[in-house]
1. Per the Kirkwood formula on distinct C-alpha pairs, the Rh of the range 121-164 is how many angstrom?
2. Each residue of the range 151-161 in order: what ³J(HN,Hα) in whole Hz does its phi give by Karplus 6.51 cos²θ - 1.76 cosθ + 1.60, θ = phi - 60°, with x for Gly and Pro?
3. With no solvent and one equal point scatterer placed on each C-alpha of the range 61-146, evaluate the Debye formula and give log10 I(q)/I(0) for q = 0.17, 0.21 Å⁻¹, two decimals.
4. Read phi for every residue in the range 78-88 and hand back ³J(HN,Hα) as whole Hz from Karplus 6.51 cos²θ - 1.76 cosθ + 1.60, θ = phi - 60°, with x for Gly and Pro.
5. Go through 95, 125 and list them by solvent-accessible area, largest first, probe radius 1.4 Å.
6. Could you put 150, 133 in order of accessible surface area, largest first, with the 1.4 Å probe and the full protein assembly present?
7. Any idea what log10 I(q)/I(0) is at q = 0.15, 0.22, 0.27 Å⁻¹ for the range 1-55, Debye with uniform C-alpha scatterers and no solvent?
8. Rounding to the nearest 20 debye, state how big the charge dipole of the chain is about its Cα centre with +1 on each Lys and Arg Cβ and -1 on each Asp and Glu Cβ.
Amino acid sequence: MSGPTFRRAVPPDRDAFLNHIAAGRAALAAARASGDERAILHAAGALGSALFMEPGSEAEAATLLEEALALSRKRGDRATEIDGLLGLATAIQYLGERTRAIALFEEGLRLCAESGIRDKEHFLLHHLGRCLVEVGRRGDARSAFERALVLREAMPQFAASTRAALAELAEMGQ
């Protein structure tokens, strides 16, 4: 990975997280064995979204999330497409491909606006903000975090993270 990450997500319970990954691998194997495209889509997306939090597993996460994104597009499933864009952008960001990650986050935000599916918008904005900090676009990052915070005000478990990101950004001189 190139360059440091800004406020990278870390699972609070490592053992539970590793068990979650093992269960995700089993679910994906079962889905592949069944040949059920919808089950593969969900299992690959869920496992990929877990793996990007595991340092050293970002490339595997990106591969799975690319697969899930392609399947969601094939099926015309906009909600899972948005999930796929969010997860893939984050995995790609952690691989150091920040320009591509920013484009994927922005694509997810456009799809939220076009489809009216807005439940992941706050995640996309928050993660976009983190990535923008990493490429030195602190003013744009602040704007993304502020937009995320507006959406997260009713979600204390997420609002605190965005407030902390804004505070850390302010300490950096933005």
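1. Its Kirkwood hydrodynamic radius stands at 9.9 Å.
2. Going residue by residue, I get 6, 8, 3, 8, 10, x, 5, 9, 4, 4, 5 Hz, with x marking Gly and Pro.
3. Evaluating at q = 0.17, 0.21 Å⁻¹ gives log10 I(q)/I(0) of -0.62, -0.91.
4. 5, 5, 6, 5, 4, 4, x, 5, 4, x, 5
5. Values: 95 60, 125 0 Å².
Reading off the accessible areas and sorting them downward yields 95, 125.
6. These residues rank, largest area first, as 150, 133.
7. Reported log10 I(q)/I(0), two decimals: -0.50, -0.82, -1.00.
8. 220 debye
The values are calculated or read from the model by the stated rules, or taken from the named source; none is laboratory data. Just so it is clear, the model here is predicted, and its values are computed rather than measured. We place every Cβ from the backbone using ideal geometry, glycine too, and count neighbours over all the protein chains shown. Protein only, heavy atoms only, side chains kept; ligands, DNA and RNA dropped before computing areas. Shrake-Rupley method; radii C 1.70, N 1.55, O 1.52, S 1.80 Å.
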